[in-house]
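Below is one structure, written out as structure tokens; comments come after it.
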Amino acid sequence: MGFYEVWVRSNRYHGNEALTYSSQQQLSAGAIVRVPMQRETVPGVVTKVVSKPKFATKPISFMYDLPAVPTTLLRLTDWLRAYYPAPLGIVAQQLIPAGLLEDSKIIAAKSSSAPSTKLPPLTNEQSDVLQKIDHSDTYLLHGKTGSGKTRIYSELAQRSLTDGKSALILTPEISLTSQLVNRFKAIFGEQVVLLHSQLTPKERREAWLKLLGASEPLVVIGPRSALFSPLKNIGLIVLDESHEPAYKQEQAPHYHASRVAAQLRNLHDATLVLGSATPSIGDYFLAEQKDKPILTLTQLAQQTSDLPSETTIIDLKDRSFFTRTAHLSTPLISAMQEALARGEQSLLYLNRRGTARTILCENCGWQALCPHCDLPLTYHGDAHELRCHVCNYHQPSPSVCPECKHTDILFKTIGTKAIVDEVQRLFPNARVARFDTDNLKAERFEQQFDAIHAGEVDILVGTQLIAKGLDLPRLSVLGIVAADSSLQMPDFTASERTYQLLTQVLGRVGRGHVASHTFIQTYQPDNPILQAAVSGDWDSFYTTELQERKLFNFPPYTNLLKLTVRRASFKAAEKAAQEFASKLQKSGLKIIIDGPAPAFHEKLVGKYQWQLIVKSAQRSELLKVIKLLPTNWSYDIDPIDLL
């Protein structure tokens, strides 16, 4: 009789320690099993052999005839539960995705020669970058849009496979996987494995089991969850568009893919590449502090000197530009009409995050900001007040602009559906498609990519889902409907996200395929963030943003913990938040507490939410705060925003 500690995969297990079971069969760490827990049996992974405990144990119900989960993956998951605390039953879900054990037949990896696709020659810049990636380390690849970062990834993947090691290529959005998979399959054929949550259960099961049983190196492409692929020998990890918020898990465990990737790199002694045209402030700062290589690509991979790329900024306050619709300027509409006549595509971009109510003056562009946090204030119609969702500063809603005394204070937003309605009215014969999170499965971008790439859609309307990583050769007109909408978000990352999103969407045109014209509609044409994005001035933006973060004590100069309490009434939530804030003040921990304040989404699923923001120079102090949390509180350590 042997005794084994097992990590059970179950939402119902809220403990932090492995459970002990017995078995007549000899097992080793990584064995995949089913074990009894309460009135059901659940999947689990054996983590180690232990001596006979003093208490009675239940026998393991079933042992799967599968290879063991790699030791490196067990070590990664063990690190995860310490760095991003969460119940063990939830952490174990990273090891065994749902439904993968219903049919546990191993899918043999096909050993086929790669297609003989001729890749474009490397540019001088690309060759220089590849020469500098000459040993296992973390590299930040800062390459402008269209500079050929994917070409770098394919060369590095080839190196890894040649060395007998697998490559892991991560993308922030599932919608971007189609383009990457097509490119990599053209090079590596059946060695490429796609793994993401929108595959059918059978497809996901077959892909995961193929990785578990692989004896040859593979190229795995997927979102952040692919970090927990059962690969045994990894030589390369790439985070494409590494700045994207989608790399942060919103549910427990609240991990960030870049931190997990760094730990996975250490376990495999692999090469990690963080690639982006707009690196995150935190990643860039950390690379500088740790003296990690920062590699740059400044030139387009496809050089064409005879194709002009023009940019026009439209002041939304000047309504003479809007003679045909309320939201699309006349010059933009004319350019779209000309593109249709040439058989080219237009893209209209409206930031998904611009759904919060904006408070600004339509006459002079004044914006309501918190005097304590320098963050946009949010309008609350029920109380007719402006409120900061970090420090709880509030003031009555102004009836006139405090700067110019004009009465045209703007309190409205628009969405992609409204833009589609206007486009269809203006261009009744055009083929129009909308892409945002409201799409049905068959309408999603990844399902329509081939048709869009072939020019079967004339006008694309969408959110950030289509703002990044895409190379559309027929795209000649880009319209940014409300360039400063994300600046209105009451969060310390608003400036960074605005710069990133504008830079990414501007990179969809001017890539050397066709002549292009971009129209940027904004209430603040002289805004320095917008100007920096248009001119591609990363250095000035980065320097200014760091100064702001340091002044107001935000990352990367401190660590953050967001604590949220939900109660049936507003008063109950407020009282609970105030009581715990008082307890923390007396705890003696080296922390700074902002709030409590109502959460940005003040009422959710019938309950009221209040939150505390805890800051500390030492991340370990925040882990101590988590241990002090009362029941029915939630927490997010290292949050990417405070909304």
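The values are calculated or read from the model by the stated rules, or taken from the named source; none is laboratory data. In this text the structure is predicted, and so the values were computed from the model without any measurement. FYI the Cβ positions are ideal-geometry reconstructions off the backbone, even for glycines, and counts take in every protein chain you see.
Can you spot a residue in region 462-474 that is of a type outside the set (D, E, K, R), more than 25 Å from the chain's Cα centre (by Cα) and at pLDDT below 90? Lay out the reasoning, then the answer.
First pass over region 462-474, keeping only residues of a type outside the set (D, E, K, R): 462-467, 469-470, 472-473.
This time we only want the ones that are more than 25 Å from the chain's Cα centre (by Cα), so: 473.
Those still in the list that are at pLDDT below 90 too: 473.
Yes: region 462-474 contains one or more residues that are of a type outside the set (D, E, K, R), more than 25 Å from the chain's Cα centre (by Cα) and at pLDDT below 90.
Strands (runs of 3 or more DSSP E) fully within region 14-89 that include at least 2 residues being polar (S, T, N, Q), surrounded by fewer than 19 Cβ atoms within 10 Å (Cβ to Cβ) and in contact with a strand residue (DSSP E or B) (Cβ under 6 Å, 6 or more places away or on another chain): 19-23.
Exactly one residue out of Val45, Val50 is free of Cβ contacts under 8 Å to residues at least 60 places away in the same chain, within 33 Å of the chain's Cα centre (by Cα) and not assigned by TED's automatic domain parsing to the domain that holds His268, and it is Val45.
Out of Leu168, Leu141, Leu156, report the one residue that is at pLDDT 95 or above, in contact with a strand residue (DSSP E or B) (Cβ under 6 Å, 6 or more places away or on another chain) and assigned to a helix (DSSP H, G or I).
Numbers: Leu168 fails: assigned to a helix (DSSP H, G or I); Leu141 fails: assigned to a helix (DSSP H, G or I).
Answer to the selection: Leu156.
For region 478-524, enumerate the residues that are among the charged types (D, E, K, R), closer than 30 Å to Asn553 by Cα and not in a helix (DSSP H, G or I). Walk me through it before giving the result.
Taking region 478-524 as the starting set, the residues that turn out to be among the charged types (D, E, K, R) are 484, 491, 496-497, 508, 511.
With closer than 30 Å to Asn553 by Cα added as a condition, the list becomes 484, 491, 496-497.
Scanning region 478-524 gives Asp484, Asp491.
Scanning region 252-293 for residues that are part of a strand (DSSP E or B) and within 21 Å of Thr493 (Cβ to Cβ), we see that the one that is nearest to the chain's Cα centre (by Cα) is His256. Among the residues making up region 1-13, a single one is over 31 Å from the mean Cα position of the chain (by Cα) and part of a loop (DSSP other than H, G, I, E, B): Met1.
For region 419-440, enumerate the residues that are in contact with a helix residue (DSSP H, G or I) (Cβ under 7 Å, 6 or more places away or on another chain) and either at pLDDT below 60 or not aromatic (Phe, Trp, Tyr) (or both). The answer is Leu426, Ala430, Val432, Ala433, Arg434, Asp436. One residue stands out among those in region 596-643 that are under 25 Å from Ala246 (Cβ atoms) and of a type in the set (Phe, Trp, Tyr): the one that is modelled with the highest pLDDT, which is Tyr635.
Could you check His406 against (1) assigned to a loop (DSSP other than H, G, I, E, B); (2) at pLDDT 85 or above; (3) under 20 Å from Ala599 (Cβ atoms) and say which number it fails? Result: His406 fails condition (3) only. The residue of region 200-223 that is nearest to Leu95 (Cα to Cα), among those that are touching a helix residue (DSSP H, G or I) at 6+ places or on another chain (Cβ under 7 Å) and in a loop (DSSP other than H, G, I, E, B), is Pro223.
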